[in-house]
Structures are given as structure tokens and as C-alpha cells.
Amino acid sequence: MANSAAKNRRLIARVNSYESAMRALSDEELRDKTREFRERAEHGEQLDRLLPEAYAAMREADLRVVGKFPYENQVLAAIVMHQGNIAAMKTGEGKSLTATLPLYLNALTGRGAMLVTVNGYLARRDAEEFRPVFEFMGLRLAIGVPEVAAHDFTAQEKKDIYAADIVYSTSDKIGFDYLLENLVGTSEEKYLRPFNYVLIDEADAVLLDLAQMPLVISGSPRVQSNLYPLADEFVATLRDGIEYEYDESSGAVKLTDEGIAAGNRFFHVQNLYSPAFFQLNRHVNLALKARTGFQPMRDYMVMGDNLVLLSSVTGRLLEGNKLQGGLHQAIEAREGLEISVENRAMASVTYQNLFLMFDTMGGMTGTAKGSEKELLKTYGTEVVEIPTYRPVIRRDEPDIAVQTIAEKEQLVLDYLDEVRKTGRPILLTTGSVKSSVRFSQYLLDRGIEHNLLNALSEANEAAMVLEAGRKGAITVATLIAGRGTDIKLAADAKELGGLVIIGTEKLPNRRVDGQVRGRGGRQGDPGSSRFYASMEDDLFVKFGSVKQESVQKRRRSARTMRRLLDRAQFASEESASGARKLSKDFDIAMARQRDLVYEMRNQIITGDPIAPEVLQSIAASVIADAAAAHGWGQPGAVMRYIFDNLSYHLPADFTALDTSNGQQVAEFLVAMFTRAVQEKVDTLADATVYSRFQNIIFLKSIDVAWIEQVDFLEQLKTVVQDRNVAQHKVEYEYRKEAFFAFEEMKKRINRDIVRLLCLSRIERGRDGGLIIQFA
Ligand code: ADP
């Protein structure tokens, strides 16, 4: 690290050394630098070597076009981002301007550079701001997110977008485009280029907090289960610690022996855990999870007849998002809502995997505190703290820790009164919608005017944020006032000492605490922050080392309580990191399979037509498997197989076949297959048309099987975690079953290919197109 810090200082000096030379160039000469750099890159000059000149040129362009010359600290951040690391820059330090440097440099190879932000609005806003600079330098910038989410781009438009030098988009959009592209049937419909360079905004949130949430393309609905309400009815009668055990910190919940006995009585079954009741068992587990691990106004909201999830990262509503694997439906049952349709997962990818596909991944964030090691281990990225342009003078006070929630709330309100007298604006932050509403009510009861900013008041967000920095303003908010919210101080409020941040509970990790504090003291402003915490808070209930029953039994010093609370936060960070490791391990198996399947599809779409010998060997192995599975013996069995797989008519020489001779049957069936294929070739009388037909059959067979497999793998994740096995074996079990399922899937693909090739009917349409009736 020390070494690279010195190296980076030298690099900054070299960027600076080109400053006056770049200043002296005319606009045309400056633009011509892009052509020169491109040529040099083409002739093998490494980007690392080009960096000083390229950054100096782009810096000059930023100055000329948007009037902002990136500071040295920003150049340092830009170097870090180019090196595939994460630059930790405080809010207001100018991340968007900084991003132009590594994007420019990495676009010089012609392989494209992307910036991803957390939402489409930000992507569009930043793209519009910096488009003129990139265009000035002769590069093409494209915006990857459509203006109206429902109106996605056409394949042609996407091709044009992804061919641009610079693409501003969101993680979601790129993920979905990647998945969608791998569902197409011809090479003309493909639009992505190999992933080259990506710069991730809010990198810690994307790579850690959101990493496990898979992006899922949903397909056909699953057969609807009516077990959800029943399972919930049963679970509602159970008591924690008696019929079930719930481990707050891991979220694991399972029935005790008494619980199983109760289940057997309730459902009138012999043994709830026998494989025959797999579905019942699964629904009971889901209902238990729904009742223990999820709370209204913390994890979700019931809005009208709908269940809407709340993001634990941004505090915002996740409209349209659903929990996978039946959990969503289980919570709907708990809330007495109509059970929504459970769709199959057709294709899925996690952010983790998506971004690991890029050759280089850089990032920027406000804070990565406490997660540096995990980021290094998981992604190989270092976090480099960038010094602020103006020193931060905000006072971060030590936490105030007390025994009970009641004591805590009293202290918070006392402090609020004290600050109120000074006229400094106050931002009071809470960990959930529920608690924000409670504090808001306290203030109303005392006749204190304030704004309430949570997922339900998002529409007025801009206006509230605008007011939040004024003299005397009080804003009660959830985490929604965390990342990215820029509270600008009014001049008189600055004079009084700036924003006072009152945290009413410690949050699940230090990064989120830091985000909250970061709302104050921007760009050298004065301000202060202080957190209150109690041993009855959610965080301590979940991760604390003292049992709730005994919290009030003993007086503890403030210092002891602070230490216990810090330890609980640490345990929370560890637990989240453990869960992420598990999901990454799960993902490795999934990713390997996905790569293989997408490679198979690509071969078919872009490779040479499949040779007849390959076809024949596929048929031979499918037929051998069928023989092994049920054996021939009786003519009836062979006949059945023919009708189901090869032909609707028995061939004339069937009567001569000795069905007790396996070898002979196999040869007979393979010959039938070859004839059936030849017939299709003859009917179509056109080699390219035939190979198009054959490709369609291959793709269809692969897709149908893969969709099943993805869905299975998604479910398998929860199934293995519910099993009563040691934590380290969970991943092993998953990998083992995923592997077997994949082997099965490959066989199924081949079976489908044989059947569909033989039994599908094809005609040439009048317009020359193919009309296929799949068997
Ligand atoms: P962040 O995303 O890091 O919170 P922004 O990108 O919103 O910060 O930048 C904060 C403000 O500072 C913006 O108005 C931006 O234009 C301005 N700014 C950033 N860097 C510079 C610079 N080098 N010179 C002048 N203004 C700058």
C-alpha cells in the first residue's frame, strides 16, 4: 500500500507536468490528442503509460467545456478507479467529474467504458452533464437506460448504445440486458460487446448490500399452491422457544420436536418431515420465516392490496420487486392478502457475478469503512481513502448508550429540545419507517413542526431536502436520507454551527452510520453528529451478547454498554459478510453452469451448422440412456419409445426386429432417427433453411431445460439452508445437487433435441418463412 501510495503521488506529478502543454493547445489540437492516444494504444502502448497524458488532456477538456478543472485529489481518485480499485470520496467531493478521467482513458482502446449508477435518473443527469466533454474529445456517449422504464430499447438501438465509447447506465439495466441477450435466437439480435471496463457508483452498496439480490427474469407462472394460508394458520399458533427456535442473528428458524408433533396433529400426517410431505414442509418453513424474520414497516409495507418491499439499503420502496422462492407469498399469507402469482425464474444473475465479468472494475463510494477486507477478498479491489478538498470540520460525538428504549427516546427528545433553542437545523434519523412515524408523533404531541421523510413521503422528498438545511428546520427521516441526499446549508444556519444529526439507533454496519453522518459537514461546512443506542434496539436484540431478559437486571456503566453495542454492530457486519460469502459460493456453481449454457447457445447461434455425425452420436447416447432406464425386451416398449420420440408411424421392417437384442434395437432406432432427419432435409430442400430449423430446435431444447434448472437452483438455495446440516456443509450440499441436476439437464436437452427434430412438423410459409409445430 505504502508503495502504491508513493507511485500514485508520482503519477499525479506526471499528470500535472502536462498541464501547461495541454493548456497551450487549441481546441482542435486538444481533440486530436484522442486520435493520437488511440493510435498509440492500438500499437500496443499500455493504458497505464498513457494515463498521465490522457488525464491531463481530459482535465483540460473538463475545464474548457464544463468549467471545472479536476483537483489533485480527484486525479488521485481517478487513478485509483483506473487501477480497478474503489475510491472512497466524501459526499460533495465531485465523484461525477472525477469519473470522466478513467472513462476517457479506458475508452481509448475502443473496447468501451461504462459507468453504472444506482438509478436511471442519476445516469441520465450525469450523462447529460458530461456528454459535451466527451463529444468535444471526439468520443461517443450513450445513455443505456430508457427515459420510460416500460419502453425498452429495440435490439438495434441497444446495439448502437453498447457500441458507444462511453455508456452511462444502471447495474440493473446492464444485468437485465445481459440476461435478455442470452435468450435470443439469432446473432443479429445480439447487442453486447465483451465487458471491458466498468466504474461503479456507490460501489459498497452495489457490491455488498445488494450483491445477494439476484436480478431475475421471470417466466411462466408456477402451478399455484394453496398451502400458504394453511401453513400460516398453523405457524400462527406456535410459540418461540417451545414449538420453534429462532436464531435472530442468522435468521435461521426451525421447528422443535414439539413443533413437529404439533404439525403432525394439525395437518393429520404421520411425519411432516417425510419426503412425501416435501411441499407441506417447505410451506411451513416459509411461513415460519415470514413470521419471524420480516416485520411490517421495517421490511415491507402493505399498500392497498399489495405487499411492497422496503430496501434495507436505501429505505425506499422496492416497487415491483419480489422475494424469491415463495417467501413473498408466505408474507402475503401472513398479512391476509391475496396470494400473488409465483413465477418461475427464467434467468438470473447477481451483481457479484455480473461485475466480475468485466476485465476491470473500478468503484467510487462515500464510505467503505469496515468492509475493506471483504471487498479485497471477494473482488480483489482495494479501498483507497481520498482526502477531502476542504477538511471535514463536522464533530462526530461518541455514542450515547443506555439500557432501555424508553430512556433512549427521552434523551433524544431532551437533546432535540436543547438544539432547537439554538436554531441549528436538525436531521433526526431512524432505522425503520415505524420508528420514524413514532418520533414524528412525539413531536406532533409537543406541537413541534417538522418534516417526515420516509418511503411514504418520497414524492415530497426534493422539497423536504431543500428545507432541511434551513435555520430551525427539523427533519425526521429513515435511511432514505442516507446515500446521495445532499442537504445544502443556508448561510444563517451555517453561522449557527450547521446541521445537527441525531441518530436514534445504531445501524447494521458502520458504513451506513457513516452515510448518515455524512449528511452533515459537506464541503467543509460545520456540523455535528451523535448516535443514541439502547440495549433493547433491534441491532442489539439480534446481535448482542446479553439476553434480553437480563438487560434490565444489572446496571452497567455507559462505557460497558457502548462496548457491548459496538460488539453487536461488529457481529452484525460479520453475519452479513458470512451470508454474502455463502451466496457467492452458491453463485459460483450457478455461474459456471450459466457460462456453459450460454456458450452452448453461442456456438449454435454463431458457429458452423451441427455436423450429421454429431447429431447421430447425440441420438445414440439418448437411445442408450433410454435402454438403460427401462430396457427394451418387449416389442411394446420399443413401440412406445418410437411413438413418443421418433415417429408417429411404425416402419415396415419393425416386425423383423428382435427386441430382445439390445444392440440390434439401438442400431434400428438410430437408423430411424437418421432417416427422420434426412426427410426433413429433403422436404425443405434448402441447406440453410434446414440448419435454421435445426438451430431453433437446439435452442428451444436448451432454453426449456435451462429455465427449469435456474428455477431449481434458486429453490435449492433455500432448501439446503433449511436442512439440518452444519454451516460449512451447506455449500457442499448445494454444489453436489447442482452438479447432478446439471448432468440430468444435459441429458434432457439431448432427449428433447432428438424428439423435437423427429416429431416436429415443418412447412415453408408463403413468405418463405418457417412454420414449425413443435412436438
Ligand atoms: P458527489 O457525487 O461526490 O457527492 P458531486 O459530483 O455532486 O459530488 O459534486 C459536488 C459539487 O462540486 C458539484 O456541484 C460539482 O460540480 C462541484 N465540483 C466537483 N469538482 C469540482 C471541481 N474540480 N471544480 C469545481 N467544482 C467542482
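In terms of overall dimensions, the C-alpha atoms belonging to segment 416-513 reach 33, 31, 27 Å along their principal axes, ordered largest to smallest.
Based on a Kirkwood Rh over C-alpha pairs, give the Stokes-Einstein translational diffusion coefficient of segment 490-530 at 10 °C and viscosity 1.306 mPa s in µm²/s.
Answer from the Stokes-Einstein relation: 147 µm²/s.
With the simple model of a label 7 Å out from the Cα in the direction of the Cβ, Lys553 to Glu335 spans 3.8 nm. Label-to-label distance, Glu708 versus Asp160, with points set 7 angstrom from Cα along the beta-carbon direction: 4.1 nm. Using 0.36 nm per residue and subtracting the Cα-Cα separation, the extra length available between Leu411 and Asp299 on full extension is 37.7 nm.
Say a paramagnetic label sat at a point 7 Å from the Cα of Thr404, along Cα to Cβ; which residues of segment 551-569 have their backbone N under 19 Å from it? Those under the cut-off are 551-558, 561-562.
The HN-Hα couplings worked out from phi for segment 285-292 by the Karplus form 6.51 cos²θ - 1.76 cosθ + 1.60 (θ = phi - 60°) are 4, 5, 5, 4, 4, 4, 7, 9 Hz, whole numbers, x standing for Gly and Pro. With a simple spin-label model that places each label point 7 Å from the Cα along the Cα-to-Cβ direction, the separation between Ala463 and Arg390 comes to 3.0 nm. Near the amide H of Leu428, within less than 5 Å, lie the amide hydrogens of Thr475, Val476, Ala477, Ile502, all on another chain or at least 5 residues away, with H placed in the peptide plane. If the segment from Asn602 to Gln727 were pulled out straight at 0.36 nm per residue, it would be longer than the present Cα-Cα gap by 41.3 nm. Relative intensity of segment 395-576 on a log10 scale, I(q)/I(0) at q = 0.16 Å⁻¹, equals -0.95, per a Debye sum over C-alpha point scatterers of equal strength in the absence of solvent. Take the Cβ-Cβ distance between Glu667 and Phe643 as r, set R0 to 30 Å, and report the resulting FRET efficiency rounded to the nearest 0.05. That gives a FRET efficiency of 0.95.
How would you order 694-705, 181-192 from highest to lowest mean count of nearby Cβ atoms within 10 Å?
694-705, 181-192
Could you list the residues of segment 638-653 with an amide nitrogen less than 16 Å from a label point located 7 Å from the Cα of Gln773 in the Cα-to-C-beta direction? Residues 647-649 qualify, since their backbone N sits under 16 Å from the label point.
Restricting the calculation to Cα atoms, segment 223-341 shows an Rg/Rh of 0.98 when the hydrodynamic-style radius is the Kirkwood one.
Where does segment 159-254 land on the Kirkwood hydrodynamic radius, alpha-carbon pairs, in angstrom? Here the Kirkwood hydrodynamic radius works out to 18.3 Å. Calculated FRET efficiency, Arg23 to Ser250, Cβ-Cβ distance, R0 = 45 Å: about 0.15 to the nearest 0.05. Under 30 Å of direct C-alpha separation, and excluding same-chain neighbours fewer than eight residues apart, Lys471 reaches these lysines: Lys90, Lys95, Lys408, Lys421, Lys434, Lys488, Lys494, Lys506.
Subtracting the Cα-Cα distance of Gln523 and Glu737 from 0.36 nm times their residue separation leaves 71.7 nm of extension gain.
For segment 605-670, what is the convex hull volume of its Cα atoms per residue in Å³?
Taking the convex hull of the Cα positions in segment 605-670, it is 107 Å³ per residue.
Take the Cα radius of gyration of segment 608-773 and divide it by 2.2 N^0.38 Å, N being the number of residues; the result is 1.27.
Compute the orientation-averaged projected area for the chain from the convex hull of its Cα atoms and round it to one decimal in nm². For the chain, the mean projected area of the Cα convex hull comes to 41.1 nm². A simple packing score, the average count of other Cβ atoms within 10 Å per residue, orders the peptides 340-349, 285-294, 300-309 as 285-294, 340-349, 300-309, with the highest score first. Expressed to the nearest 5 percent, the antiparallel share of DSSP beta bridges inside the chain is 30 percent. The alpha-carbon of Lys190 sits under 30 angstrom from the alpha-carbons of these lysines, leaving out residues fewer than 8 places away in its chain: Lys158, Lys159, Lys173, Lys322, Lys584, Lys680, Lys700, Lys746, Lys747. For segment 172-261, the per residue solvent-accessible surface stands at 43 Å², with DNA, RNA and ligands left out and a 1.4 Å probe. In this structure, the amide hydrogen of Ser218, modeled 1.01 Å from its nitrogen in the peptide plane, lies closer than 5 angstrom to those of Met346, counting only residues at least 5 positions away or on a different chain. In this structure, Gln441 and Gln46 have a Cβ-Cβ separation that, at R0 = 51 Å, corresponds to a calculated FRET efficiency of about 0.25.
Compared with the dominant principal axis of the Cα atoms in the chain, helix 727-759 is inclined by about 40°. Overall, the ratio between the Cα radius of gyration of segment 1-149 and 2.2 N^0.38 Å, rounded to two decimals, is 1.02.
Rounded to the nearest whole Hz, the Karplus-based 3J(HN,Hα) values (6.51 cos²θ - 1.76 cosθ + 1.60, θ = phi - 60°) of segment 213-229 follow the sequence 6, x, 7, 10, 9, 8, x, 5, x, 7, 4, 6, 9, 9, 7, 4, x, with x at glycine and proline. Rounded to whole numbers, the Karplus 3J(HN,Hα) couplings from phi for segment 543-555 are 10, x, 9, 10, 5, 4, 4, 9, 4, 8, 6, 10, 7 Hz, using 6.51 cos²θ - 1.76 cosθ + 1.60 with θ = phi - 60°, and x at Gly and Pro. Scanning residues 5 or more positions from Ala142 or on other chains, those with amide H under 5 Å from its amide H are Ile166, Val167, Tyr168, with H placed 1.01 Å from N in the peptide plane.
Packing, taken as the mean count of other beta carbons within 10 Å per residue, orders the peptides 74-84, 264-274 from highest to lowest as 74-84, 264-274.
The values are calculated or read from the model by the stated rules, or taken from the named source; none is laboratory data. As the structure is a computational prediction, the values presented were derived from the model and not from experiment. Cβ atoms come from the backbone with ideal geometry, glycine included; neighbour counts cover every protein chain shown. These area figures cover heavy atoms from the full protein model, side chains too; ligands, DNA and RNA do not enter into them. Shrake-Rupley method; radii C 1.70, N 1.55, O 1.52, S 1.80 Å.
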